[in-house]
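Colleague: Got a structure here, written out as structure tokens. Questions coming.
The values are calculated or read from the model by the stated rules, or taken from the named source; none is laboratory data. Because the structure is predicted, anything quoted here is derived from the model rather than measured. Virtual Cβ from ideal backbone geometry, glycine too; neighbours counted across all protein chains shown. Keep in mind that these areas ignore ligands, DNA and RNA; they rest on the heavy atoms of the full protein, side chains included. Shrake-Rupley method; radii C 1.70, N 1.55, O 1.52, S 1.80 Å.
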Amino acid sequence: MILLNPGPVNLSDRVRNALLRPDLCHREVEFSQLQSRIREQLLQVYQLESDRFAAVLLTGSGTAAMEAMVTSLVPQDGKLLVIENGVYGERIAKIAKIYRINYTRLQHPWGGEIDIKALLAVLNENDDVTHLAVVHHETTTGRLNNLAEVAAICQQRNIQLLVDAVSSFGAEEINFADWGITACAATANKCLHGVPGTAFVIVRRDALTATDTIQRTLYLDLATYCQQQDRGGTPFTQSVQTFYALAEALQEMDEAGGWRARHAHYTKLANLVRNGLGEMGIEPLLPSENSSVVLSAYYLPEGFSYEEFHDKLKAQGYVIYSGQGDLAKSIFRVSTMGAITSADMERFLAVVKQII
């Protein structure tokens, strides 16, 4: 089965076989070595220095990493601005609301481009904003938000930038230095081609030391994890087998040329699909220049419901993904993540053509 959904992804044989490595206690030195190796590998994806940044590993999904980042880094007297143009931006606001973090929102239609004038207006009205949270790749629609513009505003106003990079880390440019990123949250089972169960936050060390000593959460407190992981430990039981898989996936990625090579591969597959579907009259929701190479959304073929289209494709070995909310009845989504080849996508196009 070829998974064209935005995670979990098809695994390489190499990563799948890593799951079969020996059982290991998370309190043993071998696990400490594995954990430390992954932390260094994650920093190396974007060539970050370990004295300035820390990779903090969590057992959980990408949402766990997002929740840890927001709850651990916005202080009790801070104020968060959340930019929303899809489901995952709205999820950040839900996290802030649940934890009673002082926050405000800049809302856009799903798929809409971030309105910089509106952003400036909100910040002028809320000059007490200390942190801004934004989704890099909003998989609701496939839009790749322009972080450079948002980051420049944050730097001008001394606002700390928190990034949801769950579905962009490892395949899209993330310029930590020029964009002044304080932290980004991501997961193993998307562009890194690992398995579900491990997530992480890349965080500036000085941002961790500057936060309050009063914790909002027990299990998801980044400072606690970072302190113990720096010493080779872990505060709670980690998912050992998924760590094995992530370490192997990161090694495989590095050997293949890193995030730039992955970006180029995804671009090739994304263009193949976009052009092939276009020839069949299936139109994209967003133009290519506004879309991530990781995922694109398309309008359903005329006369097909999502359920019918999905089931016919699944019977031929392909799993696509539905739209969300008001888009559920009009679009489908196709991801390029995972151990997928051009031949896989060419056959996908042939199956779509046969079906419609």
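Colleague: Can you give the helix-only mean residue ellipticity at 222 nm for the chain, where every DSSP H stretch with n ≥ 4 adds -39500 (n - 2.57) and the sum goes over all residues, rounded to the nearest 500 deg cm²/dmol? Show your work: numbers first, answer last.
Modeller: On the way: 13 runs with 147 residues, N = 356.
It comes out at -12500 deg cm²/dmol, rounded to the nearest 500.
Colleague: Averaged per residue, what accessible area in Å² does the chain show with a 1.4 Å probe, protein chains only? Intermediate results must be reported in sequence, preceding the final value.
Modeller: On the way: 15030 Å² over 356 residues.
In whole numbers, the chain has 42 Å² accessible per residue.
Colleague: Could you rank the peptides 119-126, 83-90, 240-247 by their average count of other C-beta atoms within 10 Å per residue, with the highest value first?
Modeller: Working: 119-126: 14.4, 83-90: 21.6, 240-247: 23.1.
Going by the mean number of other Cβ atoms within 10 Å, highest first, we get 240-247, 83-90, 119-126.
Colleague: Answer with a single label: of [x] 58, 49, 41; [y] 60, 56, 32; [z] 68, 50, 38, which was calculated as Cα extents along the principal axes in Å from the structure in view?
Modeller: Recomputing Cα extents along the principal axes in Å here gives the entry labelled [y].
Colleague: A further question on this structure: Would you mind telling me which residue in Met253, Met280, Met345 has the biggest mean-square fluctuation in a Gaussian network model of the chain, where springs connect alpha carbons within a distance under 10 angstrom?
Modeller: Comparing Met253, Met280, Met345 in the GNM, the peak value goes to Met280.
Colleague: Return a whole-number percent for the relative contact order of segment 100-216, with Cα pairs under 8 Å and 6 or more residues apart as the contact set. Let's see the in-between values first.
Modeller: Working: 145 pairs, mean separation 20.8, N = 117.
That works out to 18 percent.
Colleague: If you don't mind, there's one more thing I want to ask. Pulled fully out, how much extra length does the chain show between Asp127 and Thr209, if you take 0.36 nm times their separation in residues and subtract their Cα-Cα distance?
Modeller: Gain on stretching Asp127 to Thr209: 27.1 nm.
Colleague: Could you calculate the FRET efficiency of Val319 with Asp77 from 1/(1 + (r/R0)^6), where r is the beta carbon distance between them and R0 is 35 Å, rounded to 0.05? All intermediate terms of the calculation are to be shown ahead of the outcome.
Modeller: On the way: r = 46 Å, r/R0 = 1.32.
E(calc), rounded to 0.05, equals 0.15.
Colleague: Find the percent of Cα-Cα distances in segment 43-95 that exceed 17 Å, and round it to a whole number. Intermediate values should be presented prior to the final figure.
Modeller: On the way: 712 of 1378 pairs.
Within segment 43-95, distances greater than 17 Å cover 52 percent of Cα pairs.
Colleague: What FRET efficiency comes out for Ala328 versus Tyr219 if R0 is 22 angstrom and r is the Cβ-Cβ distance? Round to the nearest 0.05. Before the final figure, lay out each step's value.
Modeller: Numbers: r = 32 Å, r/R0 = 1.47.
So, using R0 = 22 Å, E works out to roughly 0.10.
Colleague: Something else now. With both bridge residues required to lie in the chain, what share of the DSSP beta bridges run antiparallel, to the nearest 5%? Don't skip to the answer; put the middle values down first.
Modeller: On the way: 23 of 42 bridges.
Restricted to the chain, the bridges split so that about 55 percent are antiparallel.
Colleague: Same structure again: Which FRET efficiency value, to the nearest 0.05, is calculated for Asp115 and Arg27 with the Förster distance at 51 angstrom and r the Cβ-Cβ distance? Intermediate results must be reported in sequence, preceding the final value.
Modeller: On the way: r = 50 Å, r/R0 = 0.98.
Plugging the Cβ-Cβ distance into 1/(1 + (r/R0)^6) gives 0.55.
Colleague: Here is a further query. Under a crude label model (7 Å from the Cα following the beta-carbon direction), how far is Gln155 from Ser36 in nanometres?
Modeller: Taking the simple label geometry, Gln155 and Ser36 are separated by 3.4 nm.
Colleague: Just name one of Cys25, Phe304, Tyr88: the one whose Cα is farthest towards the positive end of the charge dipole of the chain (beta-carbon charges, Lys/Arg +1, Asp/Glu -1).
Modeller: Cys25
Colleague: Also, I was wondering about something else. Please identify, among Arg39, Arg16, Arg231, the residue showing maximal mean-square fluctuation in a Gaussian network model of the chain using a 10 angstrom Cα cutoff.
Modeller: Arg231
Colleague: Ignoring ligands, DNA and RNA, what percent of the 1.4 Å accessible area of the chain is carbon and sulfur? Provide the component values of the computation, followed by the final result.
Modeller: Details: 7130 of 15030 Å².
It is 47 percent, rounded to a whole number.
Colleague: A further question follows. Please report the antiparallel percentage of DSSP beta bridges with both residues in segment 76-223, rounded to the nearest 5.
Modeller: Values: 7 of 24 bridges.
Among the beta bridges of segment 76-223, antiparallel pairing accounts for roughly 30 percent.
Colleague: Okay, moving on. Which length gain, in nm to one decimal place, applies between Gln354 and Gln227 when the Cα-Cα distance is subtracted from 0.36 nm times their residue separation? If you can, show how the numbers build up before the last one.
Modeller: Values: separation 127, 0.36 × 127 = 45.72 nm, distance 5.58 nm.
Length gained between Gln354 and Gln227: 40.1 nm.
Colleague: From the residues Ala152, Val135, Gly194, which one has its Cα farthest along the dipole of the chain in the positive direction, the dipole being from +1 and -1 charges on Cβ of Lys/Arg and Asp/Glu about the Cα centre?
Modeller: With unit charges placed on the Cβ atoms, the residue in question is Gly194.
Colleague: For the chain, calculate the relative contact order in percent as a whole number, restricting contacts to Cα pairs under 8 Å that are 6 or more residues apart. Intermediate results must be reported in sequence, preceding the final value.
Modeller: Numbers: 689 pairs, mean separation 90.8, N = 356.
Reported as a whole number, the value is 26 percent.
Colleague: State, as an integer percentage, the relative contact order of segment 267-347 based on alpha-carbon contacts under 8 Å between residues 6 or more apart.
Modeller: Relative CO of segment 267-347 lands at 34 percent.
Colleague: Mind checking which of Ala199, Ala54, Ala118 has the largest fluctuation in a GNM of the chain, springs on alpha carbons under 10 Å?
Modeller: Between Ala199, Ala54, Ala118, it is Ala118 that shows the largest mean-square fluctuation.
Colleague: Another one. Based on Cα coordinates alone, diagonalise the gyration tensor for segment 204-328, multiply each eigenvalue by 5, take square roots, and list the semi-axes in whole Å, largest first.
Modeller: Values: eigenvalues 324, 79, 58 Å².
In descending order, the three semi-axes are 40, 20, 17 Å.
Colleague: What does the convex hull of the alpha-carbon atoms of segment 1-95 project to on average, in nm²? Numbers along the way, then the final one.
Modeller: Numbers: hull surface 38.5 nm².
Averaged projected hull area, Cα only: 9.6 nm².
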